[in-house]
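Below you'll find the structure, written out as structure tokens, and then a few comments.
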Amino acid sequence: MTDIDGEDGTVSVSEEVALAQAARTAGLAPSIHNTQPWRWRVDGSTLDLRAERSRQLAVTDPVGRMLAISCGAALHHARVALAAEGWAVTVNLVPDDNDQDLLAQLTVTGREAVTPAAMRLLQTARIRHTDRRPLTDTPIDPAVIDSLRAACSAEGTRMHVLRPDAIVELAAAATRAQAIEELDPSWRDEMAYWAGGARDGGLGLPDEVIPSTEPASTVPGRYFGRTGDLPVGSGHDTAAVYAILYGDEDTPRAWLRAGEALSAVWLDAIEHDVALVPLSAAVEIIETRLALRRMLAGVGEPFLVLRVGVADPDHPGPSHTPRLPTDQVVEIVKH
């Protein structure tokens, strides 16, 4: 691919193509209920990340916290893709106070050396998927947890690993949050819209990624209002590590950073052959968010709970969830 920059400041076609490719890779990022609540706009050497409010969960996520976390994960995926192709970028989060849907702008600033680690991370992003099956009883090396914590910190978010005695309190909060949500008919309707079935349109969670029975675990996973086709097996979470992603502020900027951290931690976990599942129910209800804050000794705002452990290597995991076609999420401005 060649540069066609001119003295008149014409933007290189290669930059535009690189940004469009990064936006496509960002579509592989995790999002709550696979809502993919983002839209990308490529304009020369700039890539805008915008919230797609039509795919915000109005009942589950009225303030847009989980939407922003999802978009932050997509932002990190885009950064990973650009680094693997040797593009240096600057990132400006929430750049316009008057435009609440403009979440971030990435601007190409030049070329940089491509490292083997950057290339490997991109390949990891392409194979990442959510595996909600129970874990094995294989303990995690503490050095792996240290690596995950460092990956989180590098993205401006912190990770608090819960002690065994605190996991019971987390389980109570998650159970309470789920019970409150299930009492709301509008929540049940929203869940039915996003979970179950074939999902041919590229959104939501198909039956093959939803457990066929409730997994045996101390901390309950998300209840989707129905069972799916994913075989569960006989494992438990006795060796699982639970952690809370948290920050100093409960703001859109902090939520985006938490999403970037989620992506970074997840990719690092995969590189260590560790499975990760985000759990958001306890964050979605005010009462149980306060319980999570108490677990943090009141020194941070909880964004997400993570379950980390070793998956069963003898049984295949679920398939990847569907994705929207690129032309529905990526716009390229023509000059």
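Laboratory data are not the source of any read-out in this text; all were calculated from the coordinates shown. The shown structure was predicted, so the numbers you read here are calculated from the model rather than taken from an experiment. Here the Cβ positions follow ideal geometry from the backbone for every residue, glycine too, while neighbour counts run over all protein chains shown.
Going by the alpha-carbon gyration tensor, a ≥ b ≥ c the square roots of its eigenvalues, is region 13-128 rounded (a/c under 1.5) or, if a/c is not under 1.5, prolate (a/b greater than b/c) versus oblate?
oblate
Using the alpha-carbon atoms, what tilt in degrees (0 to 90, nearest 10) does helix 286-295 show relative to the longest principal axis of the chain?
Once rounded, the angle reads 90 degrees.
Quick one: among 89, 299, 310, which has the greatest mean-square fluctuation in a GNM of the chain with alpha-carbon springs under 10 angstrom?
Judging by the Gaussian network model, the answer is 299.
Mean-square fluctuation check for the chain, GNM, Cα pairs under 10 Å: which of 24, 111, 39 is largest?
In the Gaussian network model the winner is 111.
Using a Gaussian network model of the chain whose springs link C-alpha atoms within less than 10 Å, name the residue from 268, 312, 184 with the highest mean-square fluctuation.
Looking only at 268, 312, 184, the biggest GNM fluctuation is shown by 184.
Counting only C-alpha contacts under 8 Å and six or more residues apart, can you give the relative contact order of region 142-309 as a whole percent?
Relative contact order for region 142-309 comes out at 30 percent.
State whether region 183-335 is rounded, prolate or oblate according to the following rule on the C-alpha gyration tensor (a ≥ b ≥ c being the square roots of its eigenvalues): a/c under 1.5 gives rounded; otherwise a/b larger than b/c gives prolate, and the remaining case gives oblate.
Verdict is rounded for region 183-335.
For region 95-103, take each phi angle, set θ = phi - 60°, evaluate the Karplus expression 6.51 cos²θ - 1.76 cosθ + 1.60, and give the result in whole Hz per residue in order, putting x for glycine and proline.
x, 9, 4, 8, 10, 5, 8, 7, 8
Would you mind checking the tilt of helix 65-84 against the longest principal axis of the Cα atoms of the chain, expressed as 0 to 90 degrees and rounded to 10?
50
Which whole-Hz ³J(HN,Hα) couplings does region 31-42 yield from phi under the Karplus relation 6.51 cos²θ - 1.76 cosθ + 1.60, θ = phi - 60°, glycine and proline marked x?
Calculated HN-Hα couplings, in order: 8, 4, 6, 6, 7, 6, x, 10, 9, 10, 9, 9 Hz.
For residue 100, put the label point 7 Å out on the Cα→Cβ axis and report which residues of region 238-261 keep their amide N under 17 Å from it.
Taking a point 7 Å out along Cα→Cβ of residue 100, the residues of region 238-261 whose backbone N falls under 17 Å are 250-256.
Under the rule a/c < 1.5 gives rounded, and otherwise a/b versus b/c splits prolate from oblate, where does the chain land using the Cα gyration tensor?
prolate
Under a plain spin-label model, where a point goes 7 Å from the Cα along Cα-to-Cβ, how far apart in nm are residue 213 and residue 290?
3.8
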